Amino acid sequence: MRSKTAATFQSTFSMGLVNMCVYLGLLFLVGQCLAQNALNDKNTLLYLMDRPLEPLFYAKGANKEVLFQVPSEYLSDQYRPFASDLENRFGAQSEPGATAVNIPSMSLPDLSLPKRLRRDELFSTFVPLHRKMAERLVEVFLGMRSLSDFITAAALTRDSINPGLWTFAMSIAMLHRNDTQNVDLPPVSALLPEKFFDRAVFTRARQDINILEGGERIPIEIPRDYTATDVEIEHRVAYFREDMGINLHHWTWHLVYPFGGPLSIVNKDRRGELWYYQHQQIIARYDFERLCNRLGRVKPFNNFRDVLEEGYFPKLDSLVASRVWPPRFENTKLRDVNRAEQELVFTIQDLERWRDRIYEAIHENRARNTRGENVDLSGPNGIDILGNIIESSSLSINTNLYGNLHNLGHFAISIVHDPDHRHLETFGVMGDLATAMRDPAFYRFHKFIDDMFQDYKATQPRYTVQELGFEGVNVRGVEVLSNGGRMNEFNTFWEQSDVELSRGLDIAPRGPLFARITHLQHAPFMYRIQVENTGQQRMGTVRIFMAPKFDERGVPYVLRQQRILFIEMDKFQTMLRRGSNTIERRSTESSITIPYERTFRRLDATKQTPDDQQFNYCGCGWPQHLLVPKGSSEGFPVELFVMVTNYADDRVDQPEPAGCRAGHSYCGLFNRRYPDRKPMGFPFDRNPRQGAETLRQFLTPNMFVADMTIRFSDRTQVRNGTARIQTTNRRGSNVG
Ligand code: CUO
């Protein structure tokens, strides 16, 4: 078994070179060729990322098919004194079928800064010192001149650098290096599952793995309601906050748009604006879910002296730090932070000062750069400049003046239980990009951030009828047809899917290990849009948004309020023939999402085939299973909005994107400009013109709005299985 898998691995290496070696009949050289080839094969990186908490000298891969051998001086301090013993116990003789990959010595640039973070500490991009460490490591990885140098540097640093930091830097480097494009980066939920799954899973996994060795392993079921009870009303939307797919998306988004590091990876087209838009949409989607669950819209956390009412108890373990992730109790207050360990000192007053200065810049429509010059914010790139200031990314025009509001705000909330480190506690989930969206405080804080952007947008000129219109194009109607459902009704329900965990666990013996999670899902559907074109044949951009129709009191929205609740559903180009056009578009084609198979894909480093449909998608994109909000069992009323704009005005001339596809509305296109010239969120990104108090009054002939409902059915469907009626799915109870 093992040697068969090893052969599969070997076959992924360049066959030309292997054949040449065999032809020569120099079997001795074959081994050397293979080892050499491994250093030129980007898939080797996937083996390096396997089981990041386990030392590199353990064989890697599901069947232990690859054995890395690093010079003893690169073993971690803990193992270096036992180098020869380790060679005997874990060397080639112990895994006879495995392919050995010999990592040569190499003189590496100075890595003393990233090495200062102990392996058992937690890494946070929001801590400026950690951020500098990551920037240094990313710089070193990106600076490697060849793929083999990169693989060598990755292998030589793997065991001496904190696994969270190393995985973060590796992921960014692999996403951005030219020679690692199209490597199917493993999702962080597989590498560091501790950040995604209930701690009970790991205890069960350890038991099952020993009891069921060699036998069939049954997926470990994670109850849907495991972090709280319904006594906590915020828990009604925990299915959204704790969804694996959206947390993965958020982590990946920040890897694609890092806020620090070499300029070449930070300075992407409209990245400040996209940061604003992506998080604005997260808040809009969260509010949508809240309204579906009879909760009011999220309140901004804009007064840092107020208590933060919402508590959060994540039930996650940190395998890296061998600790639980700290909770935050209800009604806590932010306090000044003074943590020598992270060389981090700041006060609540600092946050207030930065907030007030940014508001001043917004209301004056100009910001001040480090040379004391005014930078105009009223133009088309004002939102981009502001996004970088607020985040703050390394593109911020003046961090002295505007500070580090967003990043340190995250950290202040995450460390509210021990701001001066007197209890030697580490930060909570708000301090980590992969876990922050689980916490209700994330949405309160980002609602405050979004309000700043909305204040800015209120200073922008309102769109005129001419700017909104498309001469000769009339949208006559829109229908939604859901699989097995009624016309103009979206259908949602629970679904169970299995996720593989084994790559992230340092437990033996090996073999596949699955967690079964319950998540929201919807029946696939199709839009059918009728468009009349009285002009010549031309291209149009179809923009589809959806918003709740009524507010918390059951009163129809005025557009000024409703506009920030619109969630983007899709955006695409279509040819408009002269006369009547019927446009059909499937939900699975949405420009915001990545396919279900991408979120829940099986991971096997030996099966990297560029032909897989899901392989063609990058990790960045909203998960398809959360495209439609939950709705309600009585049918939640929504307004579906369709607009067709002139593609000649929207188009961005650039080469076709190469490599994998992302959900580009929220993620842009890799190495390309954002593929729409309109401001992100158009036409709802600004206040409506005078007289357009309601959505209907806002419509121009190239727009259409239809009333629809989202009907939720409280049943659980097993993926590719039979539907089961379910009323309880809580800790300790089985479904079905
Ligand atoms: Cu994504 Cu605050 O920017 O978490």
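The values are calculated or read from the model by the stated rules, or taken from the named source; none is laboratory data. Just so you know, these numbers come straight off a predicted model, no measurement behind them. We place every Cβ from the backbone using ideal geometry, glycine too, and count neighbours over all the protein chains shown.
What to note about this one:
- Condition check for Phe304: in a loop (DSSP other than H, G, I, E, B) and either more than 12 Å from the ligand (Cβ to nearest atom) or in contact with a Ser or Thr (Cβ under 9 Å, 6 or more places away or on another chain) (or both): yes
- Some residue of the range 267-284 being surrounded by fewer than 20 Cβ atoms within 10 Å (Cβ to Cβ) and either in a helix (DSSP H, G or I) or among the hydrophobic types (A, V, I, L, M, F, W, C) (or both): no
- Taking the range 55-68 as the range and being modelled with pLDDT of 85 or more and surrounded by fewer than 19 Cβ atoms within 10 Å (Cβ to Cβ) as the test, the residues that pass are Pro55, Tyr58.
- Here the range 166-181 is the region considered, the condition is being part of a helix (DSSP H, G or I) and without any contact (Cβ under 8 Å) to a residue 40 or more places away in the chain, and the residue that is nearest to Arg131 (Cα to Cα) is Ala173.
- Count of residues meeting criterion [away from the ligand (no atom under 16 Å from the Cβ) and part of a helix (DSSP H, G or I)] in the range 285-300: 6
- When residues of the range 641-671 are limited to those that are under 19 Å from the mean Cα position of the chain (by Cα) and either part of a helix (DSSP H, G or I) or basic (Lys, Arg) (or both), the one modelled with the lowest pLDDT: Arg661
- Residue count for the range 317-336, restricted to those that are in a loop (DSSP other than H, G, I, E, B), modelled with pLDDT under 85 and not small (Gly, Ala, Ser): 2
- Unmet criterion (only one of (1) in a helix (DSSP H, G or I); (2) away from the ligand (no atom under 16 Å from the Cβ); (3) in contact with a helix residue (DSSP H, G or I) (Cβ under 7 Å, 6 or more places away or on another chain); (4) not β-branched (Val, Ile, Thr)) for Asp384: (2)
- So Ile358, is it surrounded by 17 or more Cβ atoms within 10 Å (Cβ to Cβ), among the hydrophobic types (A, V, I, L, M, F, W, C) and closer than 20 Å to Gln280 by Cα: yes
- Taken together, Leu481, Leu424, Leu408, Leu468 contain a single residue that is within 14 Å of the ligand (Cβ to nearest atom) and more than 19 Å from the chain's Cα centre (by Cα), which is Leu408.
- Test: residue in the range 412-422 that is under 30 Å from Thr716 (Cβ atoms) and free of Cβ contacts under 8 Å to residues at least 24 places away in the same chain: no
- Flag if His417 is part of a helix (DSSP H, G or I) and touching a His at 6+ places or on another chain (Cβ under 9 Å): no
- Entry remark, the range 238-247: residues being within 13 Å of the ligand (Cβ to nearest atom) and crowded, with 23+ Cβ neighbours inside 10 Å number 1 in total.
- A search for C-beta distances below 8 Å between a residue of the range 427-440 that is farther than 19 Å from Val298 by Cα and near the ligand (Cβ under 10 Å from one of its atoms) and any residue that is in a loop (DSSP other than H, G, I, E, B) and of a type in the set (A, V, I, L, M), counting only pairs 6+ apart in sequence or on different chains, returns Asp432/Leu122.
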